[in-house]
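Report on the following structure.
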Amino acid sequence: MMTQHTGNGGWVRRTAWVWIVALAMALGAGLAGATAAGGRGGTRDQLPVTITGGQSLTNEALLDSLQRTAFNYFWYQANPVNGLIRDRSQVGSPCSIAAQGFGITAICIGIEHGWVTREVGRARIKLGMQTLWNGAQGPGAAGVNGYKGLFYHFLDINSGNRTWTCELSTIDTALLMAGVLDAKQYFHTSDPGDVEIRALADSLYRRVDWNWSRNNGPAIRMGWKPETGFNTFGNWIGYNEAMILYVLALGSPTYPVPASTWNTWTSGYGWATYYGQSYLIFPPLFGHQYSHCWIDFRGIPDAYMAARGIDYFENSRRATYAARSYCIANPYGHSEYGENLWGLTASDDPGGYLAHGAPPAQNDNGTITPTAAASSIAFAPEIVLPCLHNMYDNWGWVLWGKYGFKDAFNPTVIWAGTDWLGIDQGPIIIMIENYLNGSVWDRYMQNPQVAQGLKLAGFQNVSAAPQPGPGRLTGIDLDQNSPNPFHGSTVISFRVAQSGPVSLKLYDLRGRLVRHVEAEATADDLQQITLDGRGLPSGAYAYSLESHGRKEWKRCIVVK
């Protein structure tokens, strides 16, 4: 423990006793968390990861350890009674709805890796989604989990209701819905358990009134409180983590925001050049990572990026390189910054919690956050992997624990965090998975609402589901809603070969017409019609779409 490579000579030797005290505190906190949350989850093989850092690993072993420990966070830092996931690894921590969204995708990844069975993992995801769906919503200040389909930022881990008089958060609701829609894509079979997950996902997403969150303004507001309304919250304008918020709000089948909101958001963009990298600026790296956890932005620029000849993926790659170059330059002379020890983002901090970032410098006080580098691995593995190895090999003795790297540390003031945070662990496991095989990106980009949101925002080259067959469409390509049951309403996606009127009709099993919708369609474009099922008895139905004398049939299921 006392023979680590130090990077800056005698710093570790002079202060090793301080680090040992910090390590002991960290281990104590970890054991307390284990007592509170461990051992009740129902995994197939509840084997704790016991790697402690300080030994060289292959790339594969290091990434596997990072993913497995991150998965363990989301599994063991959840309330097994209601499926809600803690914001951080403290016994009294509330649920963070953003961590819940990251956790849903993390559990899907855990299933793929065999760390939990499909049945048990699905049951945990379903439990959390049921808790959110069944919780009370309304304009009151207490006894509710949200309002207008949106959720409060923090929920009591036991009751599932608002805590800390926190805000109804638009961005955190979006991160939750990102995970919810990922579960819908992942559990895609006709198995009844998969069908139920998809129904819950549809219900949760379609309930969100994104348009209300504009407060009749040009952009989505950051939050709302029953005590003060929208008064204390600004607009989401200018580049940051809210890209996925606008995509999901634009693609909503029930309460979409106008397409003009995307242009309002991009109107606040700032383009600059730092350390030889020209890119869209946002100093903390999380703003360049969160949306990319689910959406594959490679090769699909919007108008802003197309004018600059790149896409958002390349923008994040440049931001990653600039962030590393800043730490190499180290303008404030912080201890240990260098080519293989870098990473500034929002995280725990010697003074509490702070959004660190650069360039340009923002709250740079010497705090290094492992998720900042780790979650950029898909953008720039050639510089991320050496940094992760350095953190593990030479700093693992103070950083590494049962859930992987602790949230942050600061060699300048000799401080190390004791907690792990869900919103930092989530991007680590997801972005490593995207780096390894792109599986999250692949399934997420097949969601028709995500594709619709991207198209309405003006993204180019979006391949929207349902996918066209080989050659030019000659008739009707009608999406098969079944086996997705729906509550209240469902969205029927389709493409037609000729522009003009289309007729959507819904029949019960006796052949009686129960719903009829007329619309105008444009040739070859993905289009959607909302089918209102309110008041219909539960059961199977058939629907047809007619265009220019051609008709296609599919079926759907209504569940009350």
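The values are calculated or read from the model by the stated rules, or taken from the named source; none is laboratory data. Predicted model, so just to flag it, every value in this text is computed and none were measured. Note that we place each Cβ from the backbone using ideal geometry, even for glycine, and neighbour counts take in every protein chain shown.
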Inside the stretch 162-206, can you point out the residues that are under 19 Å from S439 (Cα atoms) and not in a helix (DSSP H, G or I)? F187, H188, T189
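Inside the stretch 305-320, can you point out the residues that are part of a helix (DSSP H, G or I) and either under 19 Å from Y290 (Cβ atoms) or free of Cβ contacts under 8 Å to residues at least 24 places away in the same chain (or both)? Lay out the reasoning, then the answer.
Filtering the stretch 305-320 down to residues part of a helix (DSSP H, G or I) leaves 305-306, 312-320.
Of everything in the stretch 305-320, those that are part of a helix (DSSP H, G or I) and either under 19 Å from Y290 (Cβ atoms) or free of Cβ contacts under 8 Å to residues at least 24 places away in the same chain (or both) turn out to be M305, Y312, F313, E314, N315, S316, R317, R318, A319, T320.
Does V91 satisfy being assigned to a loop (DSSP other than H, G, I, E, B), β-branched (V, I, T) and more than 20 Å from the chain's Cα centre (by Cα)? Walk me through how you get there before you give the answer.
Numbers: assigned to a loop (DSSP other than H, G, I, E, B): yes; β-branched (V, I, T): yes; more than 20 Å from the chain's Cα centre (by Cα): yes.
Here the answer is yes, as V91 does meet what is asked.
Taking the options S347, S376, name whichever one is within 26 Å of A272 (Cα to Cα), in a strand (DSSP E or B) and touching a residue at least 60 places away in the same chain (Cβ under 8 Å).
S347
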Name the residues in the stretch 506-540 that are under 34 Å from the mean Cα position of the chain (by Cα), outside any loop (DSSP other than H, G, I, E, B), surrounded by 16 or more Cβ atoms within 10 Å (Cβ to Cβ) and without any contact (Cβ under 8 Å) to a residue 60 or more places away in the chain, would you? A521, Q527, I529, L531
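Given the options W212, W236, name the one that is in contact with a helix residue (DSSP H, G or I) (Cβ under 8 Å, 6 or more places away or on another chain), in contact (Cβ under 8 Å) with a residue 60 or more places away in the chain and among the aromatic types (F, W, Y).
Values: W212 fails: in contact with a helix residue (DSSP H, G or I) (Cβ under 8 Å, 6 or more places away or on another chain).
When all the criteria are applied, what remains is W236.
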Based on this model, can you work out whether G469 counts as in a loop (DSSP other than H, G, I, E, B), surrounded by fewer than 13 Cβ atoms within 10 Å (Cβ to Cβ) and at pLDDT below 80? yes
Somewhere in the stretch 116-128, is a residue surrounded by fewer than 17 Cβ atoms within 10 Å (Cβ to Cβ), over 15 Å from Y73 (Cα atoms) and among the polar types (S, T, N, Q)? yes
Answer with yes or no whether A136 is crowded, with 24+ Cβ neighbours inside 10 Å and not aromatic (F, W, Y). no
(1) over 19 Å from H292 (Cβ atoms); (2) surrounded by fewer than 22 Cβ atoms within 10 Å (Cβ to Cβ); (3) among the basic types (K, R) all hold for K406 apart from (2)
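Taking the conditions exactly as written (among the hydrophobic types (A, V, I, L, M, F, W, C), surrounded by fewer than 23 Cβ atoms within 10 Å (Cβ to Cβ) and closer than 28 Å to M431 by Cα), does W212 satisfy them or not? It would help to see each step written out before you state the result.
Values: among the hydrophobic types (A, V, I, L, M, F, W, C): yes; surrounded by fewer than 23 Cβ atoms within 10 Å (Cβ to Cβ): yes; closer than 28 Å to M431 by Cα: no.
So W212 fails the test.
Given the criterion among the basic types (K, R), over 19 Å from N134 (Cβ atoms), in the same structural domain as V144 (by TED's automatic domain parsing) and under 21 Å from the mean Cα position of the chain (by Cα), identify the matching residue among R214, R221, R206, R198. Write out each step before concluding.
On the way: R214 fails: under 21 Å from the mean Cα position of the chain (by Cα); R206 fails: over 19 Å from N134 (Cβ atoms); R198 fails: over 19 Å from N134 (Cβ atoms).
Residue meeting the stated conditions: R221.
Identify, from the list Y332, Y321, the residue that is crowded, with 16+ Cβ neighbours inside 10 Å, modelled with pLDDT of 95 or more and among the hydroxyl-bearing types (S, T, Y).
Numbers: Y332 fails: crowded, with 16+ Cβ neighbours inside 10 Å.
Checking each option against the conditions leaves just Y321.
Tally the residues that are aliphatic (A, V, I, L, M) and farther than 22 Å from M431 by Cβ, restricting the search to the stretch 164-197.
Within the stretch 164-197, the first condition is being aliphatic (A, V, I, L, M), and the residues that meet it are 168, 171, 174-178, 180-181, 183, 195, 197.
Pick out the ones that are also farther than 22 Å from M431 by Cβ and you get 168, 195, 197.
The qualifying residues number 3.
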